[in-house]
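Since every read-out is calculated from the coordinates, none of them should be taken as a lab result. Given the structure is predicted, the values throughout are model-derived calculations rather than measurements. Note: ideal-geometry Cβ built from the backbone for every residue, glycine included; neighbour counts use all protein chains shown.
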Amino acid sequence: MIGAVTKHQFDGLPPRLYVQTMTDLTGLLNPGIERFPLRKPLPPSQIDALSREILVLKKQLNAVILAHNYQVPEIQDIADYVGDSLGLSQQAAATPADVIVFCGVHFMAETAKILNPDKIVVLPDKDAGCSLEQSCPADKLEAFQRTNPNFWTIAYINCSAAVKALCDVICTSGNAVKIVEAAPPDKDLLFVPDENLGAWVMEQTGRPMTLWKGNCYAHVEFRRDALLELKKQFPQAQVVVHPESLREVRDLADAICSTEKMIDYCKTNAARQFIVVTESGILHRMKKDCPDKQFICAPVFDVMKMPSDSCRCSECKYMKMNTLEKVRDCMVRLAPRIELPENILRRARLPIQRMLEISSRPLENAG
Ligand code: 13P
Ligand code: SF4
């Protein structure tokens, strides 16, 4: 729905501030969430053999392996760098390697390619997508942008290269507040594609924005009731939440931040127990970095899981498409390779570089 400024309710809770209208894109969103078969962990001997092969290939290719915090443990363990979207794009921008092996999802590998058009960028599974990316097709965004020439479009990095090419600046969950605070004051802000991250940023900055109606299918499965139950079981635990979650869940958080900042928070906070409200792959680093602390996965509401299924941790089906074997294979074949049209590469680089520049500013000059 496109209209005048209106008071909007998030997740059925009373609004905190005035928000502009939201685009009604219900028809574009995924109708259902198909489940992938359960992952079978690799035996340790196979992990060792594959890891050794990958390290040899890495030397031969002069490659760097970048991995997101949600990747399976055995991939995180062979990576040169493991981090959040911001850290990964900073690493991609600075790497002297000839080949970038991107263990994450498609939009992350595309971002690395945009920053390194002359390098080879491979993604272990070409189908590792993202529900946020799918929710915002470039042609629909372009049509919506035409409705207001005064829009300043801020795109969460979880979008396609073609969408990035249409935007003024990119942000990640790690710098979204800083990026919005640095936006020109005379512009009408359009935030795409995550309505939950956008709503949280509005709460933090007080800056009204028009929100694209996309969401992360994995994070919206966290629910307030289940989290309240878990808090009762672990009353001493700190609750750390990713901002892609619903407001009803964010409202129960002790800290709301990107995956990398979640890890920092658990490292530096004096508490011994943490309820972690994001994809469960992050627990590998948390346990590695804080072996004396306890991390508890928040359960997800999932109608497809049997009541007898005791593991209700959240997994992103896209992030979990990458396996150690596929990492080895993509290095042997140098495929699947990320290729993008020249005009998209050129146009999408601008808003990413703007993000990296704003992000590197000291806090007092952030805007
Ligand atoms: P981070 O940048 O916080 O790691 O988030 C990426 C993501 O896809 C979260 O679902
Ligand atoms: Fe996309 Fe959500 Fe998966 Fe992150 S967790 S890659 S936002 S679908």
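The table for this structure:
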| read-out | value |
| --- | --- |
| Volume per residue of the C-alpha convex hull in segment 219-315, rounded to whole Å³ | 94 Å³ |
| Under Karplus coefficients 6.51, -1.76 and 1.60, residue-wise ³J(HN,Hα) of segment 185-198 in Hz, glycine/proline x | x, 8, 9, 8, 7, 10, 10, 10, x, 9, 5, 6, 4, x |
| Long-range HN-HN contacts of Val121 with modeled amide H, under 5 Å | Ile100, Ile338 |
| Percentage relative contact order, the chain, counting C-alpha pairs under 8 Å, at least six apart | 21 percent |
| Those residues of segment 184-210 whose amide nitrogen sits under 12 Å from the label point placed on Asp264, 7 Å along Cα→Cβ | none |
| 5 angstrom amide H check on Met209, placed H, neighbours 5+ away | Gln20 |
| Among 250-263, 226-239, the order from most to least packed when residues are scored by Cβ within 10 Å on average | 250-263, 226-239 |
| Sequence of Arg285, Arg223, Arg272 once ranked by neighbouring C-beta atoms within 10 Å, starting from the fewest | Arg272, Arg223, Arg285 |
| Sites Ala49 and Arg272, calculated FRET efficiency, Cβ-Cβ separation with R0 30 Å, nearest 0.05 | 0.20 |
| Ranked Ile338, Ile114, criterion: other C-beta atoms within 10 Å, fewest first | Ile338, Ile114 |
| Exposure proxy order (Cβ contacts within 10 Å, fewest to most) of Val192, Val300 | Val300, Val192 |
| Ranked packing of 160-170, 42-52, most packed first, by mean Cβ within 10 Å | 160-170, 42-52 |
| Given 16 as the ceiling on other Cβ atoms within 10 Å, longest exposed-site-free region of the chain for chymotrypsin sites (Phe, Trp or Tyr not before Pro) in DSSP loops | 19-300 |
| Amide H contacts of Gln294 (H built 1.01 Å from N, under 5 Å, at least 5 apart or other chain) | Gln273, Phe274 |
| Residue list for segment 152-186, given a label point 7 angstrom along the Cα-to-Cβ vector of Arg207 and an amide N cut-off under 13 Å | 152-156, 168-172, 175-186 |
| Beta bridge orientation in the chain: antiparallel %, DSSP, nearest 5 | 10 percent |
| Calculated from backbone phi, Karplus (6.51, -1.76, 1.60) coupling profile of segment 175-183 in Hz, x at Gly/Pro | 9, 4, 5, 4, 5, 5, 5, 8, 6 |
| Vicinal HN-Hα couplings computed from phi for segment 353-361 (Karplus, 6.51 cos²θ - 1.76 cosθ + 1.60; Hz; Gly/Pro x) | 5, 4, 4, 5, 5, 4, 5, 7, 5 |
| Calculated SAXS-style log₁₀ I(q)/I(0) at q = 0.15 Å⁻¹ - segment 89-219, Debye, Cα scatterers | -0.72 |
| Cα extents of the chain along the three principal axes, largest first (Å) | 61, 54, 43 |
